[in-house]
Structures are given as structure tokens and as C-alpha cells.
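Trainee: Let me begin by handing over the structure; questions about it come next.
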Amino acid sequence: MAMTKKSLLLCVTALGSIGLLAGCSAAGGESSNGDTKSIVFIQEVTGNDFSSSESCGAEAAAKELGYEYSTTGPSTFDATEQIKYVNSVAAKNPDGVLIGPDDSVALRAPMKQMAEAGIKLVELDTSLDDTSISLSQISSDNTAGGELAAQTLSEELDGTGQVLIIGLRPGITTGDQRISGFTSWMETNSPDIDIVATEYDNNDPAKSASIVSAQLSATPDLAAVFGIDLNNVVGTVTGLKQAGATGHVKVVGFDAGPQQVKLLESGEVDGVVSQSPYAMGYEGVQQLHNAFTGVDVEAKIATPLKVVTKANLGDEETAQFLYKPTC
């Protein structure tokens with residue numbers, strides 16, 4: 001039986017602690033000729049706490065299920081660079097590939113070529129606009145995450161103020177959905193909050209800092225910033241420090257890597273919507289395992305979200321939502 005979201009959560013007892021409980025699959029990593037099947041994870045960008053946590057989950061599942069596992073990817077969040085890694089991995093003909101595509105359209109052709117060559121694909125976090133290419137898409141409900149961020153920020157602002165949004169770039173499914181959820185929730189529930197601009201930093205925290213500085217010059221009464229990922233949050237805090245606005249401008253973001261946790265502890269960030277990247281990676285291998293062994297694959301899986309603040313940072317439940325830079 002395919003692992004459901006409920007059974008995944010039973011397996012995920014804490015971040016980094018996943019065992020073969022009742023309902024979790026046993027090992028089965030051999031191909032028909034007796035060779036060990038191989039799985040490669042092509043990250044969106046390497047050196048990122050989110051992607052590292054995904055890889056840790058995938059590696060743990062691969063080890064438990066008996067598969068060879070490796071990971072690779074570009075050092076910058078760039079579709080053109082990621083395509084080079086896709087082509088390189090395809091040439092080695094692994095049995096399965098996990099991938100977070102850096103663009104919902106640009107990665108379509110190279111990923112389709114992999115699938116047509118018989119490589120089984122599962123998308124983690126981000127996805128193509130063509131749902132026919134991969135077997136499964138595993139991610140947070142990013143629209144709901146944007147709504148959570150909006151609600152959190154509205155409470156911090158008592159429902160009024162001017163807000164800046166900083167994203168990666170248009171065309172990234174996760175970012176587009178977070179911004180859409182955020183803006184829709186604000187329009188419906190906090191009409192006195194004015195979104196003054198939506199800017200993009202291409203995953204560069206220095207660019208985020210520059211955007212914040214420029215917006216403060218244009219909008220001296222800026223009340224808050226919503227950063228949609230790890231680097232947006234770090235860059236926002238840097239920009240506020242440089243402008244002498246720390247403590248005067250609220251910051252709500254996405255993701256809970258070690259840097260974001262420190263910023264929550266110091267009070268420089270007011271809250272983050274944290275995802276479950278470890279669970280994404282683990283479940284990605286589980287769905288490939290299902291495909292390898294003839295078990296039904298779940299086409300779409302939503303992993304949990306949690307708003308992490310300084311107040312709940314030490315809670316036991318929060319621990320599984322804090323990202324792991326190393327396994």
C-alpha cells in the first residue's frame with residue numbers, strides 16, 4: 001500500500017529520526033539483474049539548509065530501503081545551470097531521480113527526456129507546470145503557507161501598515177504560490193495593510209538588503225517585510241541593520257535554517273513559516289521505491305507547515321521543523 005501523508009507523519013517522529021514503523025516500507029533496492037538500484041537527488045541549489053535537509057531525509061530513506069544514493073546540483077539558483085546537471089545525471093542513467101526544478105517551464109524538456117529514457121522522476125518542493133512528466137510532486141501547500149505568513153504578519157501589525165514582499169523571481173512555483181496566498185489573504189482579511197511593492201532578489205541576500213534599503217527611502221513608514229525564503233530573510237535583516245531600522249520594521253519569512261533560528265532568538269525576525277524538507281526527501285525516496293516495486297504512487301503529497309516564533313522555538317513539536325545543514 002502506498003504511504004499516505006498520515007503514515008509518513010507516523011514515520012517522522014522527529015527531524016532526523018525516521019524509522020521503519022508499522023506502515024513504513026521495508027528494504028527492496030535490487031534491480032531485476034541483481035544490481036542495486038540508484039537514486040540521484042538534483043538539488044535546486046547546493047549549500048542551502050533547506051536542500052541539505054531534503055537530502056538528509058532522502059539519504060536516510062535510501063539507506064533503509066537499500067538503494068545507492070547521491071546528490072548534486074548547481075551552486076546558484078539558476079535554471080540554465082541546473083539543466084547542465086540534469087543532462088549530466090541523465091547520461092549516467094540512474095533508476096530514479098529526485099529534483100526540485102529551478103523553473104517551471106525551462107526544465108520541462110530535459111526532464112521529459114529523462115522520463116522518456118525510463119528514469120523515474122519525483123519532484124520535491126518546486127515543480128513543473130506540466131504534471132505528466134514526474135510520478136509524484138511532494139511539497140508544502142505553498143499557497144496556505146503564504147496565507148499563514150500573512151496572518152502572522154497582520155497580527156504583528158494589528159492589521160494596519162505598509163508591507164514589502166521580497167521573492168526569488170517569477171516562474172518559480174513555490175514562490176509564486178506563497179506570494180499569491182499572502183496577497184489574497186491580506187486583501188480579504190486585512191484591507192488596511194498596504195502591499196507597497198513585490199520585488200525579486202534572485203536568491204541573493206545582498207540584493208535583498210539593497211531592495212530593503214531602497215524601499216525604506218521610498219517608504220519611510222514601511223512597517224514590515226515578508227521574505228519568501230531563507231536568503232530573503234537574511235538579506236532583509238542585513239538591509240534593516242544598514243538602514244538603522246532594526247526593531248522598527250517587522251520581519252516575517254519562510255524557512256527555519258540555523259541563521260533564521262538565530263534571528264528569531266535575537267528578535268530580529270518575528271516569525272517564519274517552516275516546512276518539512278527532511279520529510280520531503282524521505283517521502284520522495286519512498287515514492288520511487290513504490291514505483292520500483294509496483295506499488296501505487298501518490299501523485300501529489302503535501303507536507304506539514306508550522307509558524308515558528310521565538311515563543312515556540314524550544315517546543316518539542318517545533319524540533320522537526322528546524323532545518324539540518326548536515327546529516
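Trainee: Which residues, counting only those in segment 102-115, are free of Cβ contacts under 8 Å to residues at least 60 places away in the same chain, over 13 Å from residue 135 (Cα atoms) and out of contact with any helix residue (DSSP H, G or I) (no Cβ under 7 Å at 6 or more places or on another chain)?
Mentor: Hits for segment 102-115 are 108, 109.
Trainee: Still on this model: What is the residue count in segment 306-326 for residues that are exposed (fewer than 13 other Cβ atoms within 10 Å of the Cβ) and either in contact with a Cys (Cβ under 6 Å, 6 or more places away or on another chain) or closer than 14 Å to residue 56 by Cα (or both)?
Mentor: 1
Trainee: A follow-up question, please. Which residues, taken from segment 215-237, are among the hydroxyl-bearing types (Ser, Thr, Tyr) and within 12 Å of residue 269 (Cβ to Cβ)?
Mentor: Correct list: 236 only.
Trainee: Pairs only if they're at least six apart or on different chains, beta carbon under 7 angstrom, first in segment 73-92 and under 21 Å from residue 206 (Cβ atoms) and in a loop (DSSP other than H, G, I, E, B), second at pLDDT below 95 and small (Gly, Ala, Ser); list them, first residue then second.
Mentor: Going by the 7 Å Cβ cut-off, the qualifying pairs are 75/47.
Trainee: Could you list, in sequence order, all residues of segment 248-269 that are open to solvent by 30 Å² or more (accessible area, probe 1.4 Å) and not in a strand (DSSP E or B)?
Mentor: Of everything in segment 248-269, those that are open to solvent by 30 Å² or more (accessible area, probe 1.4 Å) and not in a strand (DSSP E or B) turn out to be 248, 258, 259, 262, 265, 266, 267, 268.
Trainee: If I ask for residues that are open to solvent by less than 20 Å² (accessible area, probe 1.4 Å), free of Cβ contacts under 8 Å to residues at least 40 places away in the same chain and over 14 Å from residue 203 (Cα atoms), which ones from segment 220-247 would you list?
Mentor: Once the filter is applied, which keeps residues that are open to solvent by less than 20 Å² (accessible area, probe 1.4 Å), free of Cβ contacts under 8 Å to residues at least 40 places away in the same chain and over 14 Å from residue 203 (Cα atoms), segment 220-247 yields 237, 239, 240, 245.
Yes/no matrix, rows are residues, columns are (1) at pLDDT below 95; (2) surrounded by fewer than 20 Cβ atoms within 10 Å (Cβ to Cβ); (3) not β-branched (Val, Ile, Thr):
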{"position": "100", "(1), (2), (3)": "no, no, yes"}
{"position": "109", "(1), (2), (3)": "no, yes, yes"}
{"position": "123", "(1), (2), (3)": "no, no, yes"}
{"position": "138", "(1), (2), (3)": "no, no, no"}
{"position": "145", "(1), (2), (3)": "no, no, yes"}
{"position": "154", "(1), (2), (3)": "no, no, yes"}
{"position": "173", "(1), (2), (3)": "yes, no, no"}
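The values are calculated or read from the model by the stated rules, or taken from the named source; none is laboratory data. Here the structure is a predicted model, which is why all the values come from computation and not from measurement. Positions of Cβ are generated from backbone atoms using ideal geometry, with glycine treated the same way; all protein chains shown enter the neighbour counts. Calculation scope for accessible area: heavy atoms of the full protein, side chains included, ligands and nucleic acids excluded. Shrake-Rupley method; radii C 1.70, N 1.55, O 1.52, S 1.80 Å.
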